[in-house]
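Each remark here refers to the structure printed beneath this line.
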Ligand code: FDM
Ligand code: MG
């Protein structure tokens with residue numbers, strides 16, 4: 001009976017400030033896992049391909065203006081619209097490497113001054129990650145990497161506030177990886193913790209929901 005459960009995929013989330021290296025590490029992880037024979041897909045939030053995602057994208061590029069609460073709920077809706085596909089993928093054995101999730105949702109809105117509990121509420125019932133890896137870098141160091149684009153939140157002063165709200169959210173289950181190490185060292189560290197997590201999930205660790 002238990003056999004089918006034993007091969008579920010893992011829900012793995014990478015979080016961190018802009019320019020912390022999340023996106024490149026996510027792609028490297030997917031290639032690595034595939035090479036190890038572990039079926040994996042790269043996901044990201046916001047998912048700008050949906051209708052809700054297009055509203056989010058317009059907001060981020062300053063093509064539209066929205067009240068802070070409204071955009072917060074759209075980011076959440078963008079995760080809710082992907083929830084059932086996410087669950088199906090996990091149950092059929094696909095590991096998902098996700099670039100940002102509910103923690104970005106709370107950290108960025110709380111950085112604007114919204115109440116943390118209010119920000120967390122719409123995330124209740126979404127699938128809980130099996131692993132949150134936080135790519136740790138100071139806002140100053142991240143901004144020195146250059147390449148902030150022109151999107152709404154890509155400014156040092158705001159990133160400092162985001163760093164503070166990530167600290168408030170952070171709990172002991174997060175794996176904090178020093179994102180200032182050479183890229184290959186970050187990659188190695190992530191590979192270790194991710195493989196451990198995939199193994200645990202294969203052994204039948206149940207899927208749970210936010211917030212635990
Ligand atoms: N962001 C991302 C939020 O404000 N809330 C969310 O729920 C998510 C998932 O959107 F500045 C912010 C974080 C970032 C911006 O993200 C776009 P990418 O990773 O740069 O596309
Ligand atoms: Mg960005």
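Has the stretch 39-51 got any residue that is touching a strand residue (DSSP E or B) at 6+ places or on another chain (Cβ under 6 Å), crowded, with 19+ Cβ neighbours inside 10 Å and under 30 Å from residue 187 (Cβ atoms)? Yes, because at least one residue in the stretch 39-51 is touching a strand residue (DSSP E or B) at 6+ places or on another chain (Cβ under 6 Å), crowded, with 19+ Cβ neighbours inside 10 Å and under 30 Å from residue 187 (Cβ atoms). Being surrounded by 21 or more Cβ atoms within 10 Å (Cβ to Cβ), farther than 24 Å from residue 57 by Cα and within 14 Å of ligand 1 (Cβ to nearest atom) is true for just one of 98, 132. Which residue is that? Of the residues listed, the single one that is surrounded by 21 or more Cβ atoms within 10 Å (Cβ to Cβ), farther than 24 Å from residue 57 by Cα and within 14 Å of ligand 1 (Cβ to nearest atom) is 132. Counting the residues of the stretch 1-35 that are assigned to a helix (DSSP H, G or I), more than 19 Å from residue 176 (Cβ to Cβ) and either within 13 Å of ligand 2 (Cβ to nearest atom) or at pLDDT below 95 (or both) gives 3.
The test for being touching a residue at least 24 places away in the same chain (Cβ under 8 Å), within 16 Å of ligand 2 (Cβ to nearest atom) and surrounded by 13 or more Cβ atoms within 10 Å (Cβ to Cβ) holds for residue 137. Taken across the stretch 147-169, residues that are away from ligand 1 (no atom under 15 Å from the Cβ), touching a residue at least 24 places away in the same chain (Cβ under 8 Å) and in a loop (DSSP other than H, G, I, E, B) do not occur at all. Among the residues making up the stretch 101-129, those that are buried (at least 23 other Cβ atoms within 10 Å of the Cβ) and away from ligand 2 (no atom under 16 Å from the Cβ) are 102, 106, 110, 119, 129. Of everything listed in (1) touching a helix residue (DSSP H, G or I) at 6+ places or on another chain (Cβ under 7 Å); (2) at pLDDT 95 or above, the single unmet condition for residue 168 is (2). Of all residues in the stretch 36-57, those being assigned to a helix (DSSP H, G or I) and within 15 Å of ligand 2 (Cβ to nearest atom) number 3. Scanning the stretch 116-137 for residues that are under 19 Å from residue 99 (Cα atoms) and either over 14 Å from the mean Cα position of the chain (by Cα) or at pLDDT below 95 (or both) gives 120, 137.
Once the stretch 67-95 is narrowed to residues that are more than 10 Å from ligand 1 (Cβ to nearest atom) and closer than 26 Å to residue 24 by Cβ, the residue that is surrounded by the fewest Cβ atoms within 10 Å (Cβ to Cβ) is 85.
Scanning the stretch 160-182 for residues that are out of contact with any strand residue (DSSP E or B) (no Cβ under 8 Å at 6 or more places or on another chain) and surrounded by fewer than 12 Cβ atoms within 10 Å (Cβ to Cβ) turns up 167, 168, 171, 172, 182.
From the list 142, 77, the one residue that fits, being in a helix (DSSP H, G or I), touching a residue at least 12 places away in the same chain (Cβ under 8 Å) and more than 15 Å from ligand 2 (Cβ to nearest atom), is 77.
The values are calculated or read from the model by the stated rules, or taken from the named source; none is laboratory data. All values derive from a computational prediction rather than experimental measurement. A quick note on method: Cβ atoms are made from the backbone with ideal geometry, for glycine too, and the neighbour counts reach across all protein chains shown.
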